[in-house]
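Structure record follows, encoded as structure tokens.
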Amino acid sequence: MQVVIAAVTDDSTAPSVLAEADRMSSLLGARTEVVHVEEEPPDPRAADRLAELGADIKLLRDPVVEGIVDEMAGDGVLLGVIGCRGTPHRYRPLGSVALGVMTMTAKPLLVVPPDAREHPGPVARAVVPLEGSEVASQAVAETVRDLVGAQAEVVVVHVFEEATAPRFLDRPEHDLGAWADEFLVRHVGPGVGRLTWRTGGTARRILEVADEEDADLVVLSWGQQFTGHGAVVSAVLGGAAMPVLLLPADTVATAAAATAGT
Amino acid sequence: MSVQRRAGSDAGSDGSPGRLLSGALTDRSFDAIVFDWDGTAVTDRAADARDIRRRVEALCDAAVDVVVVSGTHVGNIDGQLAARPRGPGRLWLCLNRGSEVFAVDEQGPHLLQRRDATAAEDRALDRAAARAVSRLAALGVESQLVSERLNRRKIDLIPLPAWRDPPKAEIIELVRAVESRLRAAGLGGLKAAVDLAEDAARDEGLAGARVSSDAKHVEIGLTDKSDSLEWVRDRLWRDGVGPGLVLIAGDEFGPLGGVPGSDSRMLLASLERATVVSVGAEPGGVPDGVIQLGGGPARFLEVLDAQLERRQRRCPPAVDEDPTWTVRLSDGPQLERVRESLTALANGRCGTRGAREEDGDTSRPLFLVGGVYTDGSHPHLLAGPRWTSLPVASTGEAGNTWLLDLRTGVLAREHDDRSLRTFRFASAATPSVLALRAEGNAAILGSPVAGGSPDAAAEDDAAAEEQTSAVVGSGSGGGICMARCTWTSRTATRRTVERLAAWQGDLEALPDQAAVVEELGRARHLGFGRLLMSHRREWATRWEHTAVSIEGDERSQLAVRFALFHLLSSVDGSDEAAVGARGLTGPGYGGHVFWDAEVFVLPALACLRPSAARAMLEYRVRRLGAARAAATAAGFRGARFPWESAGDGRDVTPREGHGPGGRFVPILTGKQEEHITADIAWAALAYAEWTGDAAFLAGPGRELVVEAARYFESRFALDGDGSAHLRNVLGPDEYHVSVDDNCYTNVMARWNLRRAAELLAGEPGGAAEAARFVDLAARIADGYVPATNRHEQFRGYDDLEPLVARDVATPPFAADLLLGRRRTAGSQLIKQADVLMAHRLVPDELPAGSLEADFEFYEPRTVHGSSLSPAVHATLLARLGRPDEALELFELASRLDFDDLTRTTSDGLHLASLGSLWQALSFGFLGMRRTAAGLLVEPHLPSRWSAVEVNCWLRGAPVTVRADHSTVSITCSEPAVIVRPSGGTITIEPPGAELPPDKEA
């Protein structure tokens, strides 16, 4: 059976990481495996806190990042789930572990903020920002299909940028609807999801839509670099009030597509 | 003239009868078959020709044109062939080695054309032949002048009893004997004899003499088979049959004794795309590209049988793949719906998107009827019954190629592995008829006929037929009714399908289904072949007086032809025409009619198809009542036309919609784009000026112009200083809403008032109103600032944030998408030509020299965020004498739909952009402008172009304007008054002339 790895820490984020991992397992028809990286020397109180989760926990050894990445690289592992430790403010710079894992792993990674809103039950509504590049769209395609298959509502959000915006917009009241239909067909498939769009700062608008839609998941393609689109990913991770699923895209292809303005 | 042809096939050079023909002959349908007679169709002049006669008549029955090309006379050919075809295919006899053409019907042959030599030419031919005989004799070669045929003289090089009448089968022996005889006399061979005859002809003043040889004879003539083929080429072209649809057959293409075979004269460079086969022995081989079949007349009969079989199986016709007239598009799931728009077929009354026959979830198949809308407050063009769907198993995401033939209005599809081919058209000759054929592997192309369908278990050639009908109601009593008949047959491995459909649509009443079924019956009686012939002929006729050519830039030329194709497809020139912003190519804008129709499409059609432009105006004329009601409801007089309209002429502009920021925003275009009322008046007069339609101008045209002026008279408000203002309006630059005194709107209204005054002034009781209009026009504020010699776009515009486009991004870009609506509205960035649009439409309303100042100011501020914008600027740049800069914008406009730059081409083509592309070419680069004195032509060609030629209609007569970098030529059928840039005029008499230098310029 396929596996979702929940990498928990011995703090207050652990229950939500585990809960989100279970949700993803349910979505993907997988089972959840919980891992924890012991610090050196081990903290005896940590074991007690982890025991409260009521889950079998596989203990890993330092170094933390490599330990989690190695575990995620295993056969049958679909994705990892990790807490996003940071300051409990509106904007939370990512912790070093999350940063390390997301840049090293080749597998999808769900990053769970410490104060994630509770959304019991399966994923009900996912916001999927798409820039309109083929690479980014391909990266999220399978997940979008899984979400739709699980009856989740998929809200695609596109923020107009110079490289990806239509060069002409004759009559917004007519054209944007037509553009949106075509965008969905091209980038997520016919009859899948609905599209909303924004102008202005990309990350800010994505977070705005995610909040307005009361989304319980944001799905982002991720080129594993913090430049260009990666800066948007970073900002969304820092500001999202809900888990963010990062789907690695082909970085070389992403760069080429960005250069071509596709 | 001989020509290097494309690489040929080696199919069957062994001459064995019954050998399978190559795919080039069995997989392709030819619409015209041209063949040599003696040696190709028959073994000799005494042979029984019943087999060929039967096939020729059957081919004509099947809508194939058949042409016999021979050196002999009609008595010989008709006496032997004796075919009496009933049509629709024509039988032509091109005889006497290029000097005569006969058409043959059930009554027999009728002379169509004869080249009559002058007495001087006849004497020269006699002298040349005698001189040749004499020179041969001087060398010791006995030859004999054996006949004096029409326009030629025939010299027998071997007048010996043993070679009196050698059969074709002995050609090799004949050549050997003649060469031996000539060489014995010290002559180099047959080639030397031909050279000798050419010299003799030249010495007698026949420099252009055609000298040929069939080995036994050498002939000196005024014409040869190349003249026949030129006639055939031109005749077929006028009927929409291009060279790629022609099969040429002969038996002597290769050299004989070093002399090109007589049939090589049929290899014209301009017929390069034709398929050429030789059934002769061809001892010297065949030229490149000629398929050598061998086998003589028996093999030729096989070739004809293969063509007849294709017609019996109703296989899809071919497309003439002329790269200057065809658009080739490939698969691509991302651009599926874009391709469907690009390849939409319309006939002015209905339109069908180029959806693949299997439809699919990324496809948007759609059948629309012009002017038939749904009911309700948000009407849109009604989606009619689909007629192109077939049970096609997936051919995968790649491998399909679509060919849109602009010249004949057909769409063909072919899979790389030939597992599927389809062909369709919306009849231009009979707009209520649609036709489709398909051919494919039985595993790919299923049976579209329910029940009784032939299947694998059935015998070969099993066929089935089904007739169905469907009605779609509009919700307001109107609707679209369609009846269709589908025929299918299959062999063990292949299936073919033919579908004919007839339709009727009506906005107000549901069409009579029985009448549609009757229409289908008539179409079936005519048959696919005859329908296709008339369809192609109609398109060829349209192009005859509308074609454009751009020498030195095939890409731009194809783009303009593509634009013209869709413009001409959008309106059929009868009744009225509601031309939506996407025409009949897609559902975009619900098919609503905007100013796009009058300002961007109509001017092109007024020059290209005046009846179509008139039908567009009739749409407005019939909705004058609604426009008057709208004016009254708003508290004004006259007629106020809607920004968006559909069936009944009400304003159907949405009141709110999603804005660039994704939020619902109010839509003010319907309330504020007042200029459309003047735009329609402008279009009415532009039409009248180009066509000279006095009846329209005196009647409905006058009503449009005067009623529009009355609206503006009541709409303008006078200030205390007596100046007139139009407040709370929206100009073409839609980034700035609710402005006062938009320059474009006010200038157009002023122009409208003045033209209306001119119309009223001569009418009883009209003088007072005319005087009021003139007075008001003089008071209108237009933003002109004498100190700068430019216009302020609207009051307060100059105080806005002074952004220029390149501060934000490289144009074109949609500023509202990048900056948001509010920021954009607070800046001087403009969406499209506004002040400059006034210069474009009514240049005489603006002060001299202000175009330059306005252009310098507004061009940097224009982001070209509207698809209407680039070609307008291109037109003005060309007029300003900056054609190379203009070309950049022209090319941008030409790629707008091809490259899906709006990302909405999937919703249909941008018809206004297509119209303005033609306008940029004609009104910009060629500098054509209709003035009171005549046609002004002031070209400014880009350096990359060597010449431009535009065909159009001017005051009821066809005119061709051609310009290169130094000359202008006019071709006309009626005297044409041409206005020179310096202001003088010159009258060009038919058939036309090159204009002398404009010395005063």
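Points to keep in mind about this one:
- Of all residues in segment B:876-896, those being within 20 Å of B:Phe565 (Cα to Cα), open to solvent by less than 10 Å² (accessible area, probe 1.4 Å) and either in contact (Cβ under 8 Å) with a residue 40 or more places away in the chain or in a loop (DSSP other than H, G, I, E, B) (or both) number 2.
- Filtering segment B:775-791 to residues that are assigned to a helix (DSSP H, G or I) and within 44 Å of the chain's Cα centre (by Cα) leaves only B:Ala777.
- Out of B:Ser869, B:Ser916, one residue alone is within 14 Å of another protein chain (Cβ to nearest Cβ), farther than 25 Å from B:Glu551 by Cβ, touching a Ser or Thr at 6+ places or on another chain (Cβ under 9 Å) and open to solvent by less than 10 Å² (accessible area, probe 1.4 Å). It is B:Ser869.
- Members of segment B:86-108 that are surrounded by 19 or more Cβ atoms within 10 Å (Cβ to Cβ) and part of a loop (DSSP other than H, G, I, E, B): B:Pro88, B:Gly89, B:Arg90, B:Asn96, B:Arg97, B:Gly98, B:Ser99
- B:Gly399 meets the stated requirement of being more than 26 Å from B:Arg542 (Cβ to Cβ) and away from every other protein chain (no Cβ under 14 Å).
- Residues that are farther than 24 Å from B:Asp506 by Cβ and more than 14 Å from chain A (Cβ to nearest Cβ) number at least 3 in the following helices (runs of 4 or more DSSP H) confined to segment B:576-683: B:602-608, B:624-633.
- Among the residues of segment B:833-860, not one is β-branched (Val, Ile, Thr) and surrounded by fewer than 16 Cβ atoms within 10 Å (Cβ to Cβ).
- Pick from segment B:919-935, criterion open to solvent by 10 Å² or more (accessible area, probe 1.4 Å) and outside any loop (DSSP other than H, G, I, E, B), ranking: nearest to the other protein chains (Cβ to nearest Cβ): B:Phe923
- Look at (1) in contact with a helix residue (DSSP H, G or I) (Cβ under 7 Å, 6 or more places away or on another chain); (2) under 28 Å from B:Glu272 (Cα atoms) and you find that B:Cys315 fails only one, number (1).
- Once segment A:1-22 is narrowed to residues that are more than 19 Å from A:Glu39 (Cα to Cα) and in a loop (DSSP other than H, G, I, E, B), the residue that is most open to solvent (accessible area, probe 1.4 Å) is A:Met1.
- Any hit, segment B:538-560, residues being of a type in the set (Lys, Arg) and surrounded by fewer than 24 Cβ atoms within 10 Å (Cβ to Cβ): yes
- Residue, farthest from the other protein chains (Cβ to nearest Cβ), within segment A:176-222, restricted to residues that are touching a residue at least 60 places away in the same chain (Cβ under 8 Å) and over 17 Å from A:Val144 (Cβ atoms): A:Asp214
- Where strands (runs of 3 or more DSSP E) sit wholly within segment B:944-1001, those with at least 1 residues that are open to solvent by less than 20 Å² (accessible area, probe 1.4 Å) and farther than 30 Å from B:Glu891 by Cβ occupy B:957-964, B:968-972, B:976-979, B:985-988.
- A single member of B:Ala46, B:Ala130, B:Ala83, B:Ala117 is assigned to a helix (DSSP H, G or I) and out of contact with any Phe, Trp or Tyr (no Cβ under 9 Å at 6 or more places or on another chain), and it is B:Ala130.
- Matching residues, segment A:192-243, being surrounded by 17 or more Cβ atoms within 10 Å (Cβ to Cβ) and β-branched (Val, Ile, Thr): A:Val192, A:Thr196, A:Thr199, A:Thr202, A:Ile206, A:Val209, A:Val218, A:Val219, A:Val232, A:Val233, A:Val236
- Selection from segment B:175-198 of residues that are among the charged types (D, E, K, R) and either open to solvent by 60 Å² or more (accessible area, probe 1.4 Å) or at pLDDT below 90 (or both): B:Arg176, B:Arg183, B:Lys191, B:Glu198
- Residue list for segment B:67-89, restricted to those being farther than 15 Å from B:Ile52 by Cα and either of a type in the set (A, V, I, L, M) or under 32 Å from the mean Cα position of the chain (by Cα) (or both): B:Val74, B:Arg86, B:Gly87, B:Pro88, B:Gly89
- If you filter segment B:782-818 down to residues that are under 24 Å from A:Arg198 (Cα atoms) and touching a Pro at 6+ places or on another chain (Cβ under 8 Å), you find that the one that is farthest from the other protein chains (Cβ to nearest Cβ) is B:Val804.
Let's see how each residue does on (1) surrounded by fewer than 23 Cβ atoms within 10 Å (Cβ to Cβ); (2) at pLDDT 95 or above; (3) more than 14 Å from chain A (Cβ to nearest Cβ):
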{"site": "B:Trp325", "(1), (2), (3)": "yes, yes, yes"}
{"site": "B:Ser363", "(1), (2), (3)": "yes, no, no"}
{"site": "B:Pro385", "(1), (2), (3)": "yes, yes, yes"}
{"site": "B:Ala393", "(1), (2), (3)": "yes, no, yes"}
{"site": "B:Leu403", "(1), (2), (3)": "yes, yes, yes"}
{"site": "B:Asp416", "(1), (2), (3)": "yes, no, yes"}
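- Top-ranked residue in segment B:133-155 [being among the hydroxyl-bearing types (Ser, Thr, Tyr) and outside any strand (DSSP E or B); ranked as surrounded by the most Cβ atoms within 10 Å (Cβ to Cβ)]: B:Ser143
- Filtered by the rule that a residue be at pLDDT 90 or above and either aliphatic (A, V, I, L, M) or part of a strand (DSSP E or B) (or both), segment B:163-174 gives a lone residue, B:Leu174.
The values are calculated or read from the model by the stated rules, or taken from the named source; none is laboratory data. Values in this document were obtained by computation on a predicted structure and should not be read as measured data. All Cβ positions, glycine included, derive from the backbone under ideal geometry; neighbour counts span all protein chains shown. Please note that ligands, DNA and RNA were not included when accessible areas were found on the heavy atoms of the full protein model with its side chains. Shrake-Rupley method; radii C 1.70, N 1.55, O 1.52, S 1.80 Å.
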